[in-house]
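Single-structure report; data block below.
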Amino acid sequence: MTVPVASGLIKMFWGTRLNIGGVTFDGILSTGHENTLRITTNPIEFGADVADHAVIEPRRITVVGIVSDHPLSLSNVVRNITGVVESVGGLFNNDTAPSGISVRAYADLREVMESRIPLTLETNLANYDNMMLVEMKVDRDKETSKVAILNMVFQEVFLTYTDISLVSVTPSVAGVAAPTTPAGSKSPLALTKSVASSWAKNVKNFMAQITSVFN
């Protein structure tokens, strides 16, 4: 009974390897693919394009992976030996900083998140471009102190591209005349002087007529 179980464990760990940001997981326990279309809750007028009132939300992929300080893959023997040497070396110094493969994997994934660089996520169901690691949770207890079970959430980033068109602005356009001042137009100042001169002339003539009457 123990042989099939052991074989199943080895197949689970060896057959589902994944690399994210340089971190190689010993196994992927589960993946979740979330696709959402958000539709408006307001009434849509009959005959209108319904697609204008439906928005595709960013895709979200959840991945639960495991990284062990003692992975089952034979290709990691050298890495295990390095970890043992580091552990033995720690007995002879005062450095109490956490160490181990799982600790380094956690630190590397934090760098991936904090770098905020879109990446391509490849799964056995579909491949997703422009994904970012937005959430990460690590479960660890006294029985799994040498194993890191990482719960990760990746979310799609919508990228847009803007086209720039150069427009030439010419002062004069062929066939269009430049604006001109209409002939005969006068400024308010010139019109006021003309009226004042005419009024003064009329007053002078009137006074001359009155003077001639009394002479």
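Laboratory data are not the source of any read-out in this text; all were calculated from the coordinates shown. None of the values given here were measured: they were computed from a predicted structure. Here Cβ is always computed from backbone atoms with ideal geometry, including for glycine, and neighbour counts include all displayed protein chains.
Taking amide H as placed 1.01 Å from N in the peptide plane, the amide H of Gly27 sits under 5 Å from that of Ile66, each at least 5 places away or on another chain.
In whole percent, what relative contact order does region 13-68 give with Cα contacts below 8 Å and a gap of six or more residues? Write out the running numbers ahead of the final one.
On the way: 79 pairs, mean separation 23.5, N = 56.
Computed over region 13-68, the figure is 42 percent.
The phi torsions of region 43-59, fed into the Karplus equation with coefficients 6.51, -1.76 and 1.60 and a -60° offset, translate into couplings of x, 9, 4, 4, x, 6, 6, 5, 4, 6, 10, 10, 10, 7, 7, x, 5 Hz, rounded to whole numbers, with Gly and Pro shown as x.
The HN-Hα couplings worked out from phi for region 128-133 by the Karplus form 6.51 cos²θ - 1.76 cosθ + 1.60 (θ = phi - 60°) are 10, 9, 6, 9, 10, 6 Hz, whole numbers, x standing for Gly and Pro. Here's how it looks for Thr123: its modeled amide H is under 5 Å from those of Tyr128, which are all 5 or more places away or on a different chain. Fully extending the segment from Ala126 to Glu143 would add 2.7 nm, taking 0.36 nm per residue of separation and subtracting the current Cα-Cα distance. Quote the FRET efficiency, to the nearest 0.05, computed for Ala107 versus Phe46 with a Förster distance R0 of 45 Å and r equal to the Cβ-Cβ distance. That pair, Ala107 with Phe46, gives E of 0.20.
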